[in-house]
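A short worksheet on the structure shown next.
Throughout, read-outs are computed from the coordinates displayed, never taken from laboratory work. Just so it is clear, the structure is predicted and the values come from calculations on it, not from any experiment. Neighbour counts are summed over all protein chains in view; Cβ atoms, including those assigned to glycine, are modelled from backbone coordinates with ideal geometry.
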């Protein structure tokens, strides 16, 4: 598709992968709005890049409805939703609390659902749309200490498959992106310290891959792809 003058909404867009995606779409000529829970961070990033912004929590239904409707009111349509908002937590099963599991699901699963539902309503109405869910290679294989995070990404993968089948008849392309380890603040916020490495992925690689997938002619699409570092060792 031609990205110039499309209207895009990127959740979790103030930093890391979300910011890189928003910036990449902007450079392609897309009219981008970013959203996130921390108003100051979202506003600062938007002002720095010259983007629109909306503060809100994707896991809060009222915020999700307001965010999508605001973008549509501003631009008259919505062409691209990138469901990037999410966070991680890595703990053994026996140390994981119900509240921690619920918190992960509220953002990673329910937030993805709410934003996708609101965007899909507009996509169906206009007969086109691009729904991109950012999952993780953790959705491909379970591993120790990832009960909460890994299972939330398995859920995103499952929902994506359902939406893909449901929305194709409305000319809506639904794609799943599985980044491997990316050098952002994600791990530190999840309580896991990682050494910086020039060999590991940067947010830019994920953003470039998404732009490439979006540029495929609209008669076809890439349902799912993973992005790994070539030689991270």
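Quick rundown of the values:
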quantity	calculated
Exposure proxy order (Cβ contacts within 10 Å, fewest to most) of 216, 10, 177, 182	216, 182, 177, 10
Length gained when the stretch residue 226-residue 137 is fully extended (0.36 nm per residue, less Cα-Cα span)	31.4 nm
Fewest-first ranking of 226, 138, 197, 151, using other Cβ atoms within 10 Å as the exposure measure	197, 226, 151, 138
Order of 7, 65 under a 10 Å beta carbon neighbour criterion, fewest first	65, 7
Over the chain: helical MRE at 222 nm, DSSP H runs n ≥ 4 each giving -39500 (n - 2.57), nearest 500	-13500 deg cm²/dmol
Using a Förster distance of 30 Å, the FRET efficiency for residue 74-residue 215 (Cβ separation, nearest 0.05)	0.75
Three semi-axes of the equivalent ellipsoid, segment 128-233, Cα gyration tensor, whole Å, largest first	27, 18, 10
In degrees, nearest ten, helix 39-49 long axis to first principal axis of the chain (Cα)	60
Helix axis angle, 147-167 relative to the chain longest principal axis, alpha carbon, degrees	20
Overall Cα dimensions of segment 7-226, principal axis frame, Å, largest first	48, 38, 36
In degrees, nearest ten, helix 61-75 long axis to first principal axis of the chain (Cα)	40
